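Starting off with a structure, shown below.
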Amino acid sequence: THSSRPQRLLRAVQKGAVRGDARSVVANIDRFCHHSEWAMNIGDEKGAILDSVVSEVNPALALELGTYCGYSTVRIARLLPPGGRLITLEFNPEYAAVARQVIEWAGLEDSVQLVEGGSGDWIPQLKEHFGVQSFDFVFLDHWKERYLPDIHLLEECELLRKGTVVLADNVVCPGAPDYLAYVRNSPAYQSSYFQSHLEYTKAVDGLEKSVYLGTTDA
Ligand SMILES: Nc1ncnc2c1ncn2[C@@H]1O[C@H](/C=C/CNC(=O)c2cc([N+](=O)[O-])cc(O)c2O)[C@@H](O)[C@H]1O
Ligand SMILES: [Mg+2]
């Protein structure tokens, strides 16, 4: 049986990266994607912007929607403060299985909770299941048409607090126009755009950083 691209990406990590060294896991995935096979990881260029936002927020509790192979999971988790936790949702069992092994190879399994399931089903359960009050940081990188419904769901479930930073990948390519229009026009968000390039290519892409200001009522 032929392996899948995520399985070949995992093998590249297991062959090239030092166990327990998150930086080398990230570097080996980038090397694989630059030289062997493109994959939809945020990548090194946009990854540096992700790193700077995560470092600035220094989140005790972070949420990622769309784990895929765990590349951005490792980038975020390696920057968490002591005791910091990252919950990441992935509904594809094969991708989740690869991501678990990538996260373990990086030695970050103690600060990452990978939930195998859909954001629509799981966001309403995060409070009761994981004792979550609200998130300090949210990273959106799943299906682009889910960005808007899921940020509304996060608001409805009161999982955002004044100052929560929501960072969205791919707001140009493949694009999330309805999401962009919402966060850029809603009085509940202070939004800013970071221009960059689509991972491992020269195409334009960017990240949107939106700070939740809280609801106007009460
Ligand atoms: N509701 C949900 N709950 C949980 N997991 C979910 C989910 N919806 C999707 N997922 C998972 O999130 C990942 C999808 C990413 C879509 N990215 C993309 O489509 C994408 C495409 C390009 N591109 O085409 O250049 C570049 C990029 O950086 C991209 O992120 C997959 O692992 C998928 O299984
Ligand atoms: Mg992406």
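At most 13 other Cβ atoms within 10 Å and a DSSP loop assignment: could you name the GluC sites (Glu not before Pro) in region 1-71 that fit?
Listed in order of number, the matching sites are GLU37.
Could you run the Karplus curve 6.51 cos²θ - 1.76 cosθ + 1.60 with θ = phi - 60° over region 78-92 and give me ³J(HN,Hα) per residue in whole Hz, x for Gly and Pro?
5, 9, 5, x, x, x, x, 10, 10, 9, 10, 9, 9, 9, 8
Given H placed on each backbone N at 1.01 Å, which residues far from THR164 in sequence or on other chains put an amide H within less than 5 Å of it?
For THR164, whose amide H was placed from the backbone, the distant partners under 5 Å are TYR212.
Name the most mobile residue of ASP178, ASP30, ASP169, meaning the one with the largest mean-square fluctuation, in a Gaussian network model of the chain with Cα contacts below 10 Å.
ASP178
Using a Gaussian network model on the chain with a 10 Å cutoff between Cα atoms, which of THR201, THR164, THR73 fluctuates the most?
THR201
Please work out the Cα convex hull volume for region 133-192 and give it in Å³ per residue.
Cα convex hull per residue, to the nearest whole number: 79 Å³.
Roughly what percent of Cα-Cα pairs across region 38-163 reach past 24 Å?
Here the long-distance tail beyond 24 Å is 19 percent of all Cα pairs in region 38-163.
Looking at region 109-218 from every direction and averaging, what is the projected area of its Cα convex hull in nm²?
That works out to 7.9 nm².
Let me ask another. Treating the beta-carbon of each Lys and Arg as +1 and of each Asp and Glu as -1, no other charges, what is the dipole magnitude of the chain about its Cα centre, to the nearest 20 debye?
In debye, rounded to 20, the chain gives about 640.
Also: Name the residue from GLY206, PRO149, TRP105 whose Cα lies farthest towards the positive end of the charge dipole of the chain, charges +1 on Cβ of Lys and Arg and -1 on Cβ of Asp and Glu.
Value: TRP105.
Something else about it: Based on alpha-carbon centroids, what's the gap between region 176-218 and region 86-101 in Å, whole number please?
25 Å
What do you get for trypsin sites (Lys or Arg not before Pro) in region 1-64 restricted to DSSP loop and a cutoff of at most 14 other Cβ within 10 Å of the site's Cβ?
Hits after loop and neighbour filter: ARG19.
Per residue, what accessible area does the chain have, given a 1.4 Å probe and all protein chains present, in Å²?
I get 45 Å² per residue for the chain.
Here's something else I'd like to know. Show the residues, 5+ positions off or on another chain, whose built amide H is closer than 5 Å to the amide H of LEU114.
Here the answer is THR88, since their amide H atoms fall under 5 Å of that of LEU114.
Using the Karplus curve 6.51 cos²θ - 1.76 cosθ + 1.60 with θ = phi - 60°, work out ³J(HN,Hα) for each residue of region 166-183 in order, rounded to whole Hz, and write x for Gly and Pro.
Karplus-based 3J(HN,Hα) across region 166-183 equals 10, 10, 10, 7, 6, 6, 10, 9, x, x, 9, x, 5, 5, 4, 4, 5, 5 Hz.
Now for a separate question. Summarise the accessible area of the chain (1.4 Å probe, protein heavy atoms) by the percent that is carbon and sulfur.
Answer for the chain: carbon and sulfur cover 52 percent of the accessible area.
Further question: With bins 10 Å wide starting at 0, give me the P(r) of region 85-159 over every alpha carbon pair, in whole percents.
Histogram of Cα-Cα distances, whole percents per bin: 17, 52, 29, 2.
So what J values fall out for region 48-65 if you push phi through Karplus, 6.51 cos²θ - 1.76 cosθ + 1.60 with θ = phi - 60°, rounded to Hz, Gly and Pro as x?
5, 5, 4, 4, 5, 5, 4, 4, 5, 6, 6, x, 6, 9, 10, 10, 10, 10
Over the chain, how many pairs of lysines fall under 23 Å by alpha carbon, counting only those 8 or more apart in sequence or from different chains?
Step by step, the pairs that qualify in the chain add up to 7.
Still on this structure, please answer the following. Report, largest value first, the span of the C-alpha coordinates of the chain along each principal axis, in whole Å.
So the three principal-axis extents are 55, 38, 33 Å.
Can you tell me how much longer the chain between LYS202 and VAL18 gets when fully stretched, taken as 0.36 nm per residue apart minus their C-alpha distance, in nm with one decimal?
That pair, LYS202 and VAL18, stretches by 63.3 nm at full extension.
Amide H of ASN170 versus every other amide H placed in the peptide plane: which residues, excluding those fewer than 5 positions away on the same chain, fall under 5 Å?
GLY206
Follow-up question, since we're still on this one. Counting C-alpha atoms alone, how compact is region 33-104: give Rg to one decimal and Dmax as a whole number, in angstrom.
12.3, 36
The values are calculated or read from the model by the stated rules, or taken from the named source; none is laboratory data. Values in this document were obtained by computation on a predicted structure and should not be read as measured data. Cβ atoms come from the backbone with ideal geometry, glycine included; neighbour counts cover every protein chain shown. Please note that ligands, DNA and RNA were not included when accessible areas were found on the heavy atoms of the full protein model with its side chains. Shrake-Rupley method; radii C 1.70, N 1.55, O 1.52, S 1.80 Å.
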